[in-house]
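The values are calculated or read from the model by the stated rules, or taken from the named source; none is laboratory data. In this text, all values refer to a predicted model and were calculated from it rather than measured experimentally. Positions of Cβ are generated from backbone atoms using ideal geometry, with glycine treated the same way; all protein chains shown enter the neighbour counts. Remember, those area values only see protein heavy atoms, side chains included, never the ligands or the DNA or RNA. Shrake-Rupley method; radii C 1.70, N 1.55, O 1.52, S 1.80 Å.
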Amino acid sequence: MSVMQIITLTNKQGMQVKVSNWGATWLSCIVPINAGEHREVLLGCKTFEQYQQQDAYLGATIGRYANRIAGAAIDIAGTHYRLVANQGENQLHGGKLGFDKLLWDIKNQSAQKVTFSLISPDGDQGFPGELNVTVSYHLTDENQVVIDFQATTNKTTPVNLTNHAYFNLDGESSKNILSHTLKVNANLYLPVDKQGIPCGDLTDVTQADMDLRQPRLLSDRLLESEERQKTGGYDHAYLLDKTQPIAAQLISSDKKIVMNMTTTQPALQVYTGNFLQHTPNRHNGEYDNFAGVALEAECLPDSPHHPEWAQASCFLQPDQAYHHQTTFHFFT
Ligand code: GAL
(Lines give C-alpha, C1' and ligand atoms only; values in the text may rest on other atoms or scores of the structure.)
Protein backbone atom coordinates (compact mmCIF):
# COMPACT_ATOMS: atom_id res chain seq x y z
CA MET A 1 0.00 0.00 0.00
CA SER A 2 1.24 3.44 -0.82
CA VAL A 3 1.94 5.91 1.96
CA MET A 4 1.72 9.67 2.13
CA GLN A 5 4.84 11.23 0.64
CA ILE A 6 6.22 14.72 0.15
CA ILE A 7 8.08 15.50 -3.06
CA THR A 8 10.27 18.60 -3.41
CA LEU A 9 10.96 20.23 -6.78
CA THR A 10 13.64 22.92 -7.15
CA ASN A 11 14.90 24.97 -10.07
CA LYS A 12 18.10 26.81 -10.86
CA GLN A 13 16.67 30.13 -9.60
CA GLY A 14 16.22 28.63 -6.14
CA MET A 15 12.43 28.40 -6.31
CA GLN A 16 11.02 25.44 -4.38
CA VAL A 17 7.70 23.63 -4.74
CA LYS A 18 6.43 20.81 -2.50
CA VAL A 19 3.64 18.45 -3.44
CA SER A 20 2.15 15.32 -1.94
CA ASN A 21 0.57 12.18 -3.36
CA TRP A 22 -2.26 12.70 -0.80
CA GLY A 23 -4.87 14.43 -2.91
CA ALA A 24 -2.12 15.20 -5.46
CA THR A 25 -1.83 18.31 -3.29
CA TRP A 26 0.34 21.39 -3.83
CA LEU A 27 1.76 21.93 -0.33
CA SER A 28 4.22 24.76 -0.64
CA CYS A 29 5.62 27.33 -3.08
CA ILE A 30 8.67 29.31 -2.01
CA VAL A 31 9.66 32.16 -4.33
CA PRO A 32 13.08 33.85 -4.03
CA ILE A 33 12.63 37.62 -4.15
CA ASN A 34 16.12 39.06 -3.87
CA ALA A 35 19.38 38.34 -2.10
CA GLY A 36 18.39 36.07 0.73
CA GLU A 37 14.67 36.87 0.81
CA HIS A 38 12.28 34.02 0.15
CA ARG A 39 8.50 34.01 0.43
CA GLU A 40 6.07 31.15 1.02
CA VAL A 41 3.14 32.21 -1.17
CA LEU A 42 0.82 29.24 -0.62
CA LEU A 43 -1.51 28.63 2.31
CA GLY A 44 -0.91 25.28 3.98
CA CYS A 45 -1.04 23.32 7.25
CA LYS A 46 1.74 22.23 9.55
CA THR A 47 0.89 18.54 9.80
CA PHE A 48 -0.65 15.86 7.61
CA GLU A 49 -3.38 15.33 10.24
CA GLN A 50 -4.39 18.98 9.87
CA TYR A 51 -4.57 18.58 6.10
CA GLN A 52 -6.94 15.66 6.62
CA GLN A 53 -9.13 17.65 9.02
CA GLN A 54 -9.41 20.99 7.18
CA ASP A 55 -12.26 21.48 4.75
CA ALA A 56 -10.85 24.33 2.66
CA TYR A 57 -9.29 21.96 0.06
CA LEU A 58 -5.90 23.67 0.54
CA GLY A 59 -3.77 23.09 -2.58
CA ALA A 60 -5.64 19.90 -3.49
CA THR A 61 -6.45 18.41 -6.86
CA ILE A 62 -10.24 18.55 -7.17
CA GLY A 63 -12.26 15.90 -9.01
CA ARG A 64 -14.19 14.27 -10.47
CA TYR A 65 -16.16 17.52 -10.76
CA ALA A 66 -14.84 20.78 -9.29
CA ASN A 67 -17.41 23.14 -7.77
CA ARG A 68 -21.08 22.26 -7.41
CA ILE A 69 -23.56 19.95 -9.08
CA ALA A 70 -27.07 21.03 -8.02
CA GLY A 71 -29.21 18.38 -6.38
CA ALA A 72 -26.31 15.90 -6.61
CA ALA A 73 -27.82 14.17 -9.61
CA ILE A 74 -27.20 14.08 -13.36
CA ASP A 75 -28.83 12.53 -16.40
CA ILE A 76 -26.79 11.08 -19.22
CA ALA A 77 -28.47 9.65 -22.31
CA GLY A 78 -31.68 8.84 -20.43
CA THR A 79 -30.00 7.34 -17.36
CA HIS A 80 -30.35 9.08 -14.00
CA TYR A 81 -27.31 9.00 -11.70
CA ARG A 82 -27.54 9.94 -8.03
CA LEU A 83 -24.26 11.43 -6.85
CA VAL A 84 -22.95 11.62 -3.28
CA ALA A 85 -24.13 14.93 -1.80
CA ASN A 86 -21.76 16.63 0.65
CA GLN A 87 -23.05 20.20 0.92
CA GLY A 88 -26.73 20.07 1.78
CA GLU A 89 -28.47 18.47 -1.16
CA ASN A 90 -25.70 19.47 -3.58
CA GLN A 91 -22.37 17.97 -4.44
CA LEU A 92 -19.24 20.08 -3.91
CA HIS A 93 -15.80 19.25 -5.33
CA GLY A 94 -16.52 15.62 -6.26
CA GLY A 95 -18.39 14.40 -3.16
CA LYS A 96 -17.50 13.17 0.34
CA LEU A 97 -14.49 11.23 -0.89
CA GLY A 98 -13.31 13.42 -3.73
CA PHE A 99 -9.92 13.10 -5.40
CA ASP A 100 -8.53 15.56 -2.81
CA LYS A 101 -8.88 12.91 -0.09
CA LEU A 102 -7.36 9.96 -1.98
CA LEU A 103 -3.83 8.66 -2.04
CA TRP A 104 -2.54 8.86 -5.60
CA ASP A 105 0.22 6.73 -7.11
CA ILE A 106 3.49 8.39 -8.04
CA LYS A 107 3.89 7.48 -11.70
CA ASN A 108 7.23 9.17 -12.25
CA GLN A 109 9.38 11.75 -10.61
CA SER A 110 12.44 13.86 -11.41
CA ALA A 111 14.12 16.96 -9.93
CA GLN A 112 11.62 19.38 -11.51
CA LYS A 113 8.58 17.25 -12.33
CA VAL A 114 6.30 14.69 -10.73
CA THR A 115 3.30 12.85 -12.15
CA PHE A 116 0.54 11.34 -10.00
CA SER A 117 -2.04 8.84 -11.23
CA LEU A 118 -5.38 7.65 -9.92
CA ILE A 119 -8.05 5.18 -11.00
CA SER A 120 -11.51 6.33 -9.98
CA PRO A 121 -13.77 3.26 -10.28
CA ASP A 122 -17.12 3.10 -12.08
CA GLY A 123 -19.69 4.47 -9.58
CA ASP A 124 -17.17 6.46 -7.54
CA GLN A 125 -19.22 9.11 -5.62
CA GLY A 126 -22.07 8.15 -7.97
CA PHE A 127 -20.30 9.01 -11.25
CA PRO A 128 -20.49 6.60 -14.19
CA GLY A 129 -17.40 5.08 -15.78
CA GLU A 130 -13.93 4.17 -14.64
CA LEU A 131 -11.81 7.30 -14.90
CA ASN A 132 -8.05 7.07 -15.32
CA VAL A 133 -6.48 10.34 -14.23
CA THR A 134 -2.98 11.78 -14.21
CA VAL A 135 -1.90 15.11 -12.77
CA SER A 136 1.62 16.41 -13.11
CA TYR A 137 3.43 19.35 -11.56
CA HIS A 138 6.40 20.81 -13.42
CA LEU A 139 8.59 23.57 -11.99
CA THR A 140 10.44 25.24 -14.87
CA ASP A 141 13.64 27.27 -14.66
CA GLU A 142 11.57 30.33 -15.59
CA ASN A 143 9.67 30.12 -12.25
CA GLN A 144 6.54 28.61 -13.76
CA VAL A 145 4.48 25.93 -12.05
CA VAL A 146 2.77 23.99 -14.83
CA ILE A 147 -0.07 21.71 -13.73
CA ASP A 148 -1.22 19.24 -16.36
CA PHE A 149 -4.46 17.25 -16.05
CA GLN A 150 -5.31 14.22 -18.21
CA ALA A 151 -8.09 11.66 -18.06
CA THR A 152 -9.83 8.90 -20.00
CA THR A 153 -13.08 7.10 -19.25
CA ASN A 154 -14.92 3.96 -20.35
CA LYS A 155 -18.41 5.56 -20.01
CA THR A 156 -19.60 9.10 -20.65
CA THR A 157 -19.05 11.11 -17.46
CA PRO A 158 -18.64 14.73 -16.40
CA VAL A 159 -15.01 15.66 -15.72
CA ASN A 160 -13.83 18.94 -14.25
CA LEU A 161 -10.38 18.83 -12.67
CA THR A 162 -8.66 21.77 -11.03
CA ASN A 163 -6.13 22.76 -8.40
CA HIS A 164 -7.34 24.49 -5.24
CA ALA A 165 -4.22 26.39 -4.14
CA TYR A 166 -4.75 29.57 -2.14
CA PHE A 167 -2.18 32.29 -2.82
CA ASN A 168 -0.98 35.09 -0.61
CA LEU A 169 1.85 36.80 -2.47
CA ASP A 170 2.68 38.97 0.56
CA GLY A 171 3.72 35.74 2.27
CA GLU A 172 1.25 33.24 3.69
CA SER A 173 1.60 34.46 7.26
CA SER A 174 0.63 38.03 6.36
CA LYS A 175 -2.88 38.95 7.38
CA ASN A 176 -4.91 38.71 4.19
CA ILE A 177 -5.03 39.26 0.45
CA LEU A 178 -7.32 42.30 0.52
CA SER A 179 -4.53 44.66 -0.64
CA HIS A 180 -3.58 42.39 -3.55
CA THR A 181 -4.47 43.54 -7.05
CA LEU A 182 -6.29 41.10 -9.31
CA LYS A 183 -6.99 41.25 -13.01
CA VAL A 184 -9.16 38.63 -14.75
CA ASN A 185 -9.61 38.70 -18.50
CA ALA A 186 -13.30 37.88 -18.65
CA ASN A 187 -16.27 39.79 -20.06
CA LEU A 188 -18.86 37.48 -18.51
CA TYR A 189 -19.41 35.98 -15.07
CA LEU A 190 -21.98 33.59 -13.66
CA PRO A 191 -24.47 34.79 -11.01
CA VAL A 192 -25.00 32.31 -8.16
CA ASP A 193 -27.39 32.02 -5.22
CA LYS A 194 -26.35 31.85 -1.55
CA GLN A 195 -25.57 28.14 -1.96
CA GLY A 196 -23.21 28.87 -4.83
CA ILE A 197 -25.56 27.36 -7.41
CA PRO A 198 -25.83 29.22 -10.75
CA CYS A 199 -29.10 31.16 -10.76
CA GLY A 200 -28.97 33.04 -14.04
CA ASP A 201 -27.31 33.29 -17.39
CA LEU A 202 -23.78 34.39 -18.08
CA THR A 203 -23.85 38.12 -17.36
CA ASP A 204 -21.78 41.08 -18.48
CA VAL A 205 -19.21 41.86 -15.76
CA THR A 206 -20.20 45.54 -15.80
CA GLN A 207 -23.77 44.73 -14.72
CA ALA A 208 -23.13 44.05 -11.05
CA ASP A 209 -19.74 45.56 -10.30
CA MET A 210 -17.98 42.26 -11.04
CA ASP A 211 -15.53 43.73 -13.56
CA LEU A 212 -11.92 42.61 -13.01
CA ARG A 213 -10.64 43.43 -16.49
CA GLN A 214 -8.57 46.32 -15.14
CA PRO A 215 -6.28 45.50 -12.20
CA ARG A 216 -8.47 45.96 -9.12
CA LEU A 217 -7.78 45.92 -5.40
CA LEU A 218 -9.56 42.92 -3.91
CA SER A 219 -10.82 45.12 -1.07
CA ASP A 220 -12.45 47.52 -3.56
CA ARG A 221 -16.17 47.60 -2.62
CA LEU A 222 -15.71 43.93 -1.70
CA LEU A 223 -18.86 43.55 0.36
CA GLU A 224 -20.80 46.40 -1.16
CA SER A 225 -22.07 44.61 -4.24
CA GLU A 226 -25.17 42.51 -3.75
CA GLU A 227 -23.55 39.70 -5.75
CA ARG A 228 -20.57 39.49 -3.41
CA GLN A 229 -22.68 39.94 -0.27
CA LYS A 230 -24.48 36.70 -1.11
CA THR A 231 -21.21 34.75 -1.10
CA GLY A 232 -19.26 36.73 1.51
CA GLY A 233 -16.76 37.99 -1.08
CA TYR A 234 -15.76 36.83 -4.55
CA ASP A 235 -16.83 33.23 -5.14
CA HIS A 236 -17.76 33.40 -8.80
CA ALA A 237 -16.94 31.77 -12.10
CA TYR A 238 -15.66 34.03 -14.87
CA LEU A 239 -15.86 32.91 -18.50
CA LEU A 240 -12.37 33.65 -19.81
CA ASP A 241 -11.77 35.84 -22.84
CA LYS A 242 -9.67 33.48 -24.92
CA THR A 243 -8.40 36.27 -27.17
CA GLN A 244 -6.27 37.54 -24.27
CA PRO A 245 -2.77 36.12 -23.68
CA ILE A 246 -3.29 35.48 -19.97
CA ALA A 247 -6.30 34.47 -17.87
CA ALA A 248 -5.44 36.40 -14.71
CA GLN A 249 -2.77 38.40 -12.93
CA LEU A 250 -2.32 38.67 -9.17
CA ILE A 251 0.05 41.25 -7.63
CA SER A 252 1.22 41.38 -4.01
CA SER A 253 0.45 44.52 -2.03
CA ASP A 254 4.15 45.49 -1.96
CA LYS A 255 4.36 44.76 -5.73
CA LYS A 256 7.33 42.48 -5.14
CA ILE A 257 5.63 39.44 -6.69
CA VAL A 258 3.49 39.27 -9.80
CA MET A 259 1.80 36.00 -10.73
CA ASN A 260 0.48 35.50 -14.25
CA MET A 261 -1.93 32.66 -14.83
CA THR A 262 -2.62 31.00 -18.17
CA THR A 263 -4.92 28.05 -18.80
CA THR A 264 -6.55 25.97 -21.49
CA GLN A 265 -9.72 25.85 -19.34
CA PRO A 266 -12.77 27.92 -20.33
CA ALA A 267 -13.48 29.49 -16.92
CA LEU A 268 -11.90 30.69 -13.71
CA GLN A 269 -13.46 30.47 -10.25
CA VAL A 270 -12.26 33.41 -8.15
CA TYR A 271 -12.65 32.61 -4.44
CA THR A 272 -11.32 35.10 -1.90
CA GLY A 273 -11.25 32.62 1.00
CA ASN A 274 -14.52 33.91 2.46
CA PHE A 275 -14.85 30.94 4.85
CA LEU A 276 -11.21 30.21 5.64
CA GLN A 277 -11.59 31.12 9.32
CA HIS A 278 -10.40 28.31 11.67
CA THR A 279 -8.38 26.53 8.99
CA PRO A 280 -5.11 25.41 10.66
CA ASN A 281 -2.08 27.31 9.34
CA ARG A 282 1.61 26.41 9.19
CA HIS A 283 2.44 27.95 12.59
CA ASN A 284 0.21 26.30 15.25
CA GLY A 285 -2.44 28.93 14.58
CA GLU A 286 -5.41 29.43 12.31
CA TYR A 287 -6.07 31.34 9.13
CA ASP A 288 -8.67 34.06 9.07
CA ASN A 289 -11.15 34.80 6.31
CA PHE A 290 -9.49 36.29 3.20
CA ALA A 291 -6.08 34.85 4.19
CA GLY A 292 -5.60 33.65 0.60
CA VAL A 293 -7.21 33.76 -2.81
CA ALA A 294 -7.92 30.63 -4.88
CA LEU A 295 -7.85 30.96 -8.67
CA GLU A 296 -9.40 27.74 -9.93
CA ALA A 297 -9.25 27.15 -13.67
CA GLU A 298 -12.14 24.87 -14.61
CA CYS A 299 -15.38 24.64 -16.57
CA LEU A 300 -18.51 26.36 -15.33
CA PRO A 301 -20.20 25.23 -12.08
CA ASP A 302 -23.16 22.88 -12.46
CA SER A 303 -22.55 22.69 -16.22
CA PRO A 304 -24.02 19.13 -16.50
CA HIS A 305 -27.41 20.84 -16.05
CA HIS A 306 -26.71 23.61 -18.57
CA PRO A 307 -26.22 22.30 -22.11
CA GLU A 308 -26.61 25.92 -23.27
CA TRP A 309 -23.09 26.60 -21.97
CA ALA A 310 -21.63 24.59 -24.82
CA GLN A 311 -18.36 26.53 -24.71
CA ALA A 312 -17.69 24.97 -21.33
CA SER A 313 -19.06 21.45 -21.79
CA CYS A 314 -17.71 19.02 -19.23
CA PHE A 315 -18.72 15.62 -20.61
CA LEU A 316 -15.92 13.23 -21.48
CA GLN A 317 -16.72 10.41 -23.92
CA PRO A 318 -14.96 7.04 -24.00
CA ASP A 319 -13.27 7.86 -27.33
CA GLN A 320 -11.90 11.19 -26.08
CA ALA A 321 -8.88 12.24 -24.04
CA TYR A 322 -9.32 15.00 -21.43
CA HIS A 323 -6.31 17.29 -21.36
CA HIS A 324 -6.00 20.67 -19.66
CA GLN A 325 -3.04 22.68 -18.51
CA THR A 326 -2.76 25.62 -16.12
CA THR A 327 0.42 27.62 -15.53
CA PHE A 328 1.27 29.95 -12.65
CA HIS A 329 4.22 32.15 -13.62
CA PHE A 330 5.98 34.09 -10.88
CA PHE A 331 7.88 37.34 -11.53
CA THR A 332 9.88 39.23 -8.91
C1 GAL B 1 -14.38 26.93 -3.70
C2 GAL B 1 -15.85 27.21 -3.78
C3 GAL B 1 -16.27 27.83 -2.46
C4 GAL B 1 -15.90 26.94 -1.28
C5 GAL B 1 -14.44 26.54 -1.39
C6 GAL B 1 -14.03 25.50 -0.38
O7 GAL B 1 -13.93 26.37 -4.89
O8 GAL B 1 -16.12 28.06 -4.86
O9 GAL B 1 -17.65 28.09 -2.46
O10 GAL B 1 -16.71 25.80 -1.28
O11 GAL B 1 -14.15 26.03 -2.65
O12 GAL B 1 -14.13 25.96 0.90
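Across segment 88-127, the number of residues qualifying as without any contact (Cβ under 8 Å) to a residue 60 or more places away in the chain, surrounded by fewer than 23 Cβ atoms within 10 Å (Cβ to Cβ) and farther than 27 Å from residue 145 by Cβ comes to 6.
Which strands (runs of 3 or more DSSP E) sit wholly inside segment 1-87 and have at least 1 residues that are open to solvent by 10 Å² or more (accessible area, probe 1.4 Å) and farther than 22 Å from residue 168 by Cβ? Working first, answer last.
Values: elements: 6-10, 16-20, 25-34, 37-40, 73-76, 79-82.
Per the criteria, 73-76, 79-82.
Restricting attention to segment 172-190, which residues are assigned to a loop (DSSP other than H, G, I, E, B) and surrounded by 19 or more Cβ atoms within 10 Å (Cβ to Cβ)? Answer for segment 172-190, where residues must be assigned to a loop (DSSP other than H, G, I, E, B) and surrounded by 19 or more Cβ atoms within 10 Å (Cβ to Cβ): 172, 176, 177, 180, 185, 190.
In segment 47-62, the condition of being over 29 Å from residue 159 (Cβ atoms) and more than 16 Å from the ligand (Cβ to nearest atom) is met by at least one residue. Taking residues in segment 215-236 that are under 14 Å from residue 292 (Cα atoms) and within 14 Å of the ligand (Cβ to nearest atom), and partners anywhere that are in a strand (DSSP E or B) and at pLDDT 95 or above, the pairs with Cβ atoms closer than 7 Å and at least 6 places apart or on different chains are 234/270; 234/271; 235/271.
Picking from residues in segment 272-304 that are over 14 Å from residue 55 (Cα atoms) and of a type in the set (S, T, N, Q), the one that is farthest from the ligand (Cβ to nearest atom) is 284. Within segment 298-324, the set of residues being open to solvent by 40 Å² or more (accessible area, probe 1.4 Å) and of a type in the set (Phe, Trp, Tyr) comprises just one member, 315.
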